[in-house]
Each structure stands twice: as structure tokens, then as C-alpha cells.
There are 2 protein chains.
Amino acid sequence: MNSSHFSISLHILTLLDKVNGQLLNSEYIAGSINCNPVLVRKELANLHKHGFVQSKEGKGGGSTLAKRPADINLGEVYKAVKQKGLLGESKNEPNPDCPVGKQITQQLNKLYNDAENALIKDLSLKTLKDFSLGFD
Amino acid sequence: MNSSHFSISLHILTLLDKVNGQLLNSEYIAGSINCNPVLVRKELANLHKHGFVQSKEGKGGGSTLAKRPADINLGEVYKAVKQKGLLGESKNEPNPDCPVGKQITQQLNKLYNDAENALIKDLSLKTLKDFSLGFD
DNA sequence: TCATACTGTAACTTTTATTATTACAGAACA
DNA sequence: TGTTCTGTAATAATAAAAGTTACAGTATGA
């Protein structure tokens with residue numbers, strides 16, 4: 001995955017949870033995150049694609065959760081949000097003439113997949129509701 | 001952590017394992033990875049700092065493992081290599097006037113720490129020897 | 001029905017992070 | 001004592017991320 005996508009998505013989902021079905025627009029959300037509204041809209045588009053949020057266009061529009069917070073699992077959010085592998089996945093091309101170089105990418109991918117699955121498994125133990133309850 | 005550090009470190013350690021105590025210089029290693037030798041030397045400096053490798057300066061110098069491969073645990077390597085948190089850890093400063101923004105960084109860090117620990121725990125089940133044996 | 005306030009998306013710019021390059025002092029060797 | 005390394009710093013080039021601007025399309029309501 002990449003840096004801030006997961007953070008931004010969780011921030012968005014938490015806000016949407018806290019306002020209980022009220023529509024929030026991208027500018028408001030961006031104000032809480034302190035980032036650009038377009039970035040929020042892109043992140044919302046992805047959350048929408050994966051069924052976590054619903055949006056309403058036009059005046060008075062905005063977004064809201066598409067599921068109950070207890071049914072949004074952070075492992076699922078992670079998977080929806082991740083774009084690249086967590087570790088590695090660089091464009092580096094090791095030397096194919098070296099026995100190690102030839103196989104390292106494959107071996108690392110295997111290792112990283114296992115590790116990332118362990119991480120996802122941990123995240124999957126928690127729901128948005130749990131996360132949101134951690135706030136005062 | 002950051003992108004390629006872990007990949008490069010594991011590549012280095014695997015090469016050193018494969019040559020059985022022979023000294024390898026940074027140029028040779030860089031040739032296998034297909035990257036700049038200075039990058040390798042920096043990575044080696046870090047591995048050295050954490051006791052995984054030994055280096056010999058001067059003509060005919062190079063690096064070798066400082067421990068037996070079976071005693072090098074990939075979770076430890078990960079921890080030695082990581083520089084930033086795996087997830088998040090951006091310079092973003094959420095809005096302190098928003099109840100969610102005010103606490104989100106702290107809450108995310110807690111979540112990320114748990115998740116990263118699950119990942120490290122998984123990596124810790126494997127040693128360099130195991131990893132290296134995965135190669136033909 | 002038209003001004004307004006949104007979303008969605010694309011193109012472009014700026015900023016930041018990563019990687020490569022150059023350079024050189026100091027160490028070991030033959 | 002010249003050669004070949006490490007270690008490290010400074011700088012340049014490249015790539016990735018984030019911000020900005022722009023605008024078509026949609027809903028609302030005066």
C-alpha cells in the first residue's frame with residue numbers, strides 16, 4: 001500500500017460514523033484531515049467503489065456510510081485501499097544472470113505476502129465501530 | 001519502513017549466505033541487485049550497526065555474515081532496517097479543532113503498531129537460513 | 001428555469017522522497 | 001607505495017505523492 005491512503009480512508013470513515021448518517025461534503029472532510037478536497041474525493045471514489053460509502057451529487061450533496069460501522073472490517077478497508085504491496089514491489093530488476101538475483105523477486109513476494117496477510121488478519125479483528133469507539 | 005530497504009537488505013544477506021563466508025564487495029552485490037554500490041554500502045553500514053554483517057576495509061575487502069544464517073531472524077532484520085512506521089506516519093497535521101482530527105493520529109498509531117507487530121511476529125518465524133533455502 | 005453548491009475526474013504544477021552519481025579520506029594489501 | 005576496497009558526505013537526477021485548477025454533470029430550490 002501506500003502511505004497515507006489508509007490513514008485518509010480511516011479518517012473519512014470515522015468522520016462519517018461520528019455524524020450518524022448525516023451527509024458530509026469533501027470540503028468539510030478535507031478541513032478535518034487538513035488536506036486537499038480533491039484528494040478526499042479520490043479517496044471517497046475508491047471507498048464508494050468498494051461499497052463502504054454512498055455519495056449524493058449536486059447541491060446539498062455529500063457522502064455517508066453504506067454499511068453499519070460494525071459491519072465494516074478494517075482488514076477489508078485495508079485491502080480496498082491498498083494499491084501496491086506493503087513491502088517491496090519496486091521497479092528494480094535484479095540481475096537475471098545471478099542465481100540469487102534471478103529468484104529474489106519471487107522469493108521476496110512470497111515472504112511479503114505471508115507477512116502482509118498476518119497484518120491483514122490482525123486488522124480484520126477490528127471494525128470501524130471498534131475504532132471509532134476509541135475516540136472520546 | 002520504507003520501500004526497498006528491506007528488499008535490498010535481504011538480497012545482501014542472501015548473497016552473503018550463499019557464498020559461505022567469502023567476502024563480497026559492494027560492487028559485486030550492487031551488480032546482483034542492479035543498483036548503485038553506494039546504496040549497498042549504506043545498507044551494509046546499517047546491517048553492520050545491527051550486528052548482522054562484518055566488513056573488512058581496504059584492498060580485497062568486503063562483507064560477510066556476522067552470525068550463522070539460522071540465527072538471523074527476519075523479524076529482527078525488519079526491525080533493524082525499518083526507518084519509519086509501515087503505515088501512515090505522514091507529516092500531515094489534522095485539524096485540532098475537530099474532535100476526530102484531534103485524536104486520529106494517536107488512534108491510527110495505536111492501530112498501526114498492533115498491525116505491524118503482527119507482521120513482525122510472522123516474519124520472526126523465519127530465519128535467513130529458511131529464506132535462503134527457498135532458492136534452488 | 002436558472003443560480004448555486006455539490007461530485008467526479010482530468011490535466012497540470014509543486015513538493016517531497018528516493019536513487020544515482022561524484023568525490024575523497026582512510027584502511028588493508030601486495 | 002600504488003591499488004582496491006570501505007565509509008561517508010554532498011549533490012544531482014528521477015520518481016512518487018500531494019496540491020491546484022478547471023470544468024462537465026447532477027441535484028436543489030428560489
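The values are calculated or read from the model by the stated rules, or taken from the named source; none is laboratory data. Small disclaimer: the values here were computed from a predicted structure and weren't measured. Don't worry about glycine lacking a Cβ; one is built from the backbone with ideal geometry, like all the others, and counts go over all protein chains shown. These accessible areas exclude ligands, DNA and RNA; they are computed on the full protein's heavy atoms, side chains included. Shrake-Rupley method; radii C 1.70, N 1.55, O 1.52, S 1.80 Å.
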### Message
If a residue must be assigned to a helix (DSSP H, G or I) and touching a residue at least 12 places away in the same chain (Cβ under 8 Å), how many such residues does the range A:1-26 contain?
### Response
14
#### Entry: Failed condition for A:D97, given (1) assigned to a helix (DSSP H, G or I); (2) more than 7 Å from every other protein chain (Cβ to nearest Cβ); (3) more than 20 Å from A:L128 (Cα to Cα)
(1)
### Query
Which residues, taken from the range A:17-33, are under 17 Å from B:D97 (Cα atoms) and out of contact with any helix residue (DSSP H, G or I) (no Cβ under 7 Å at 6 or more places or on another chain)?
A:V19, A:Y28, A:G31
### Yes/no for A:A80 being over 15 Å from the mean Cα position of the chain (by Cα), away from DNA strand D (no atom under 14 Å from the Cβ) and of a type outside the set (V, I, T)
no
### Query
So which residues in the range A:6-34 are open to solvent by 40 Å² or more (accessible area, probe 1.4 Å) and within 12 Å of DNA strand D (Cβ to nearest atom), if there are any at all?
A:L23, A:N25, A:E27, A:N34
### Query
Quick one: what pairs do we get from the range A:38-67, first residue free of Cβ contacts under 8 Å to residues at least 24 places away in the same chain, second open to solvent by 60 Å² or more (accessible area, probe 1.4 Å) and among the small types (G, A, S), C-beta under 7 Å, 6+ apart or different chains?
A:H48/A:S55
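For A:K82, are the conditions met, namely being open to solvent by less than 80 Å² (accessible area, probe 1.4 Å) and among the charged types (D, E, K, R)? Give the derivation first.
On the way: open to solvent by less than 80 Å² (accessible area, probe 1.4 Å): yes; among the charged types (D, E, K, R): yes.
So A:K82 fits the description; yes.
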#### Entry: Scan of the range B:104-136 for residues that are facing chain A (nearest Cβ under 8 Å) and among the aromatic types (F, W, Y), ordered by number
B:F131, B:F135
### Query
How many of the residues in the range A:49-79 are exposed (fewer than 15 other Cβ atoms within 10 Å of the Cβ) and within 6 Å of DNA strand C (Cβ to nearest atom)?
4
